[in-house]
Amino acid sequence: EGLDPVRKRPGMYIGSTGLAGLHHLIWEVVDNSVDEAMAGNGDRIVVILHKDGSVEVRDQGRGIPVDPFKDGPHKGRSALEVVLTETNAGGKFDGGSYKVSGGLHGVGASVVTGLSTRLDAEVWRGGRRHALSLRLVKNRNGSSTPGVLAEPLRDVGPAKTKGTTGTIIRFWPDLSLFSDEQGVAFTKPQWSTRMIAERFRHKSFVHPGLTFELRDERDPANPVVTEWCSQGGVADLV
């Protein structure tokens, strides 16, 4: 339980602590959005690379539920908080949320929370916008506790357009857990537009009609926007 095991053995959850593992954080969040699209909710997923090193993923899905659990071990906590802070708590584990699923192993956003210094979430659902913020807290004994509520779930206003739904996840990876091939810790996120482009190109063929949009805003004066969408799917690839 909890996210401590994720920080102790990150490679077991994301494959490596190198460049591939760093990018796997994006894939986990994106795959949750793809699952929503595969279930018929939304046709566009947007990934934004921010100047401060964070990554934002937006989708047009139903929005992660925000209602509190009425009973069980998570009684009183919102479903959004549990999904973001507990492994094995996502929709892939209840057997009925998705007929098909594109994620690697279903631990999803909680692992991203565990390996980040900060994660902000905003959900558009039921005509309202709900938000919460999680932080990595350093303890006096030198250890760290990820996924601590810095700003609890709150209603931040009406959705900008009636009927609009979706989820926005923005995270700041904990660079102390990632290193290059020589074992030197990253001093800044080494996001590769080439790796992301290759991933999105392939996924566009697997999910025809779904648009993947990448916005590289690390240089605010010269933002670069690229889209991938295939109507014919695998036939287009062939």
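The values are calculated or read from the model by the stated rules, or taken from the named source; none is laboratory data. In this text, all values refer to a predicted model and were calculated from it rather than measured experimentally. Cβ placement follows ideal geometry from the backbone for every residue including glycine, while neighbour counts extend to all protein chains displayed. The accessibility values were calculated without ligands, DNA or RNA, using every heavy atom of the protein model including side chains. Shrake-Rupley method; radii C 1.70, N 1.55, O 1.52, S 1.80 Å.
Give the residue that is nearest to S110 (Cα to Cα), with candidates limited to residues of the range 1-10 that are part of a loop (DSSP other than H, G, I, E, B) and open to solvent by less than 50 Å² (accessible area, probe 1.4 Å). Before you say what the answer is, go through the steps one by one.
Within the range 1-10, the subset part of a loop (DSSP other than H, G, I, E, B) is 1-3, 9.
Still in the list and also open to solvent by less than 50 Å² (accessible area, probe 1.4 Å): 2-3.
Values: G2: 9, L3: 8 Å.
Once the filter is applied, the top-ranked residue is L3.
Do any residues in the range 35-48 that are in contact (Cβ under 8 Å) with a residue 12 or more places away in the chain and part of a loop (DSSP other than H, G, I, E, B) have Cβ atoms under 9 Å from those of residues that are of a type in the set (F, W, Y) and open to solvent by 20 Å² or more (accessible area, probe 1.4 Å), where the two are at least six apart or on different chains, and which pairs are they?
A39/Y98
So for the range 11-18 (the condition being out of contact with any helix residue (DSSP H, G or I) (no Cβ under 6 Å at 6 or more places or on another chain), among the aliphatic types (A, V, I, L, M), more than 24 Å from R77 (Cα to Cα) and open to solvent by less than 20 Å² (accessible area, probe 1.4 Å)), does at least one residue qualify?
no
Between a first residue in the range 193-208 that is more than 17 Å from E56 (Cβ to Cβ) and open to solvent by 70 Å² or more (accessible area, probe 1.4 Å) and a second residue that is among the hydrophobic types (A, V, I, L, M, F, W, C) and not in a helix (DSSP H, G or I), which pairs have beta carbons less than 7 Å apart while being 6 or more apart in sequence or on different chains?
R201/W228
Which residues, counting only those in the range 210-235, are surrounded by 12 or more Cβ atoms within 10 Å (Cβ to Cβ) and at pLDDT below 95?
The one that is surrounded by 12 or more Cβ atoms within 10 Å (Cβ to Cβ) and at pLDDT below 95: G233.
Anything in the range 45-67 that is farther than 20 Å from A159 by Cα and either modelled with pLDDT under 90 or open to solvent by 80 Å² or more (accessible area, probe 1.4 Å) (or both)? List them, or say none.
The answer is K51, D52.
Give the range 192-223 a look and list any residue that's assigned to a loop (DSSP other than H, G, I, E, B) and polar (S, T, N, Q), or say none.
Passing the criteria: S192, N222.
Test R135 against the criterion of being free of Cβ contacts under 8 Å to residues at least 60 places away in the same chain and out of contact with any strand residue (DSSP E or B) (no Cβ under 7 Å at 6 or more places or on another chain), and give yes or no. Can you show your working first?
Working: free of Cβ contacts under 8 Å to residues at least 60 places away in the same chain: yes; out of contact with any strand residue (DSSP E or B) (no Cβ under 7 Å at 6 or more places or on another chain): no.
Here the answer is no, as R135 does not meet what is asked.
Where in the range 91-189 are the strands (runs of 3 or more DSSP E), entirely inside, with at least 3 residues that are at pLDDT below 95, over 19 Å from W27 (Cβ atoms) and open to solvent by 70 Å² or more (accessible area, probe 1.4 Å)?
Answer list for the range 91-189: 144-158.
For the list (1) of a type outside the set (D, E, K, R); (2) assigned to a helix (DSSP H, G or I); (3) surrounded by fewer than 16 Cβ atoms within 10 Å (Cβ to Cβ), I need the number of the one condition that L25 fails.
(3)
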